[in-house]
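Heads up, the thing below is written out as structure tokens.
The values are calculated or read from the model by the stated rules, or taken from the named source; none is laboratory data. A quick note: this is a predicted structure, and the numbers were derived from the prediction, not measured. Cβ atoms come from the backbone with ideal geometry, glycine included; neighbour counts cover every protein chain shown.
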Amino acid sequence: MPWRLNGTYLESCNCDVVCPCTTSGLTAPADHERCQVTFAFHVDQGDVDGVDVSGRSVAVFVDAPRVMAEGGWQVALYLDAAADERQADALGKVFSGQAGGPMAALAPLIGEVMGVERVPIDYRDDGRRHAARVGDAIDIEIVDQVAPQFGEDGPVMSLTGIFHPANSTLTVARSTRATGAGVYGRSWDFSGGNGHSAPFTWSA
């Protein structure tokens, strides 16, 4: 099943800035007892086995042990309610790893899929500010960080050479809003915590 997607992504987790999971290839302990992270993706252009999925969004929530490389992740997948049945099926296969690609590399770490839901996803990418509202469950806004010595118009700080499904270069960002409510028994407020953003281009 050939497919290709490109778009933008954002991430918010409960670690401090910068997350040790990200900078260690998932082998360093998270800052807290467990690592809880949301990845949100917006597909600018995409085709999955002949199905056009352009303009659709997906979010993935992960609750993992403190050392993510140990596996046993609990995962929830949120698919864009604006997608029709064929689009939802296609996106579900890609973002669950069933269709190969970057998410398939993470599949051995998953111990439980808590659920797959179709919800409205409002994804916004406005320069250095990125936001995603995932139904009534998750609400995130992150801002890419600039070293204060360079002023507000300076270059965004970034991490390069990173092992990550979205991109090997990620911005250093901080959440201005990062809340969850009723996510399979979990609620949180990680505002002020770690974030990342990047473009992504995937194919298989």
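Mind telling me which of the residues S168, S175, S187, S197 ends up being closer than 25 Å to D80 by Cα and without any contact (Cβ under 8 Å) to a residue 60 or more places away in the chain?
S187
Checking R34 against (1) of a type outside the set (S, T, N, Q); (2) closer than 21 Å to Q98 by Cβ; (3) surrounded by fewer than 17 Cβ atoms within 10 Å (Cβ to Cβ): exactly one of these is not met. Which one?
(2)
Quick check on my filter: what residues within region 60-87 are within 24 Å of T27 (Cβ to Cβ) and among the acidic types (D, E)?
D63, E70
For region 1-50, name all the residues that are among the acidic types (D, E) and within 19 Å of P199 (Cα to Cα).
Once the filter is applied, which keeps residues that are among the acidic types (D, E) and within 19 Å of P199 (Cα to Cα), region 1-50 yields E11, D44, D47.
Of the residues A166, A178, A131, which single one is within 26 Å of G25 (Cβ to Cβ), at pLDDT 95 or above and part of a strand (DSSP E or B)?
It is A178.
If you take the residues of region 93-126 that are hydrophobic (A, V, I, L, M, F, W, C) and not in a helix (DSSP H, G or I), which of them is surrounded by the most Cβ atoms within 10 Å (Cβ to Cβ)?
I121
Of a type in the set (A, V, I, L, M) and surrounded by 24 or more Cβ atoms within 10 Å (Cβ to Cβ): which single residue out of V18, V58, V62 fits that description?
When all the criteria are applied, what remains is V58.
Could you list, in sequence order, the residues of region 134-156 that are surrounded by 16 or more Cβ atoms within 10 Å (Cβ to Cβ) and either among the polar types (S, T, N, Q) or assigned to a loop (DSSP other than H, G, I, E, B) (or both)?
Matches in region 134-156: G135, A137, Q145.
Just for region 76-92: of the residues that are outside any loop (DSSP other than H, G, I, E, B) and among the charged types (D, E, K, R), which one is nearest to R56 (Cα to Cα)?
The residue in question is D80.
Name the residues in region 80-123 that are more than 16 Å from D47 (Cα to Cα), among the aliphatic types (A, V, I, L, M) and touching a strand residue (DSSP E or B) at 6+ places or on another chain (Cβ under 7 Å), would you?
A81, L109, I110, V113, M114, V116, V119, I121
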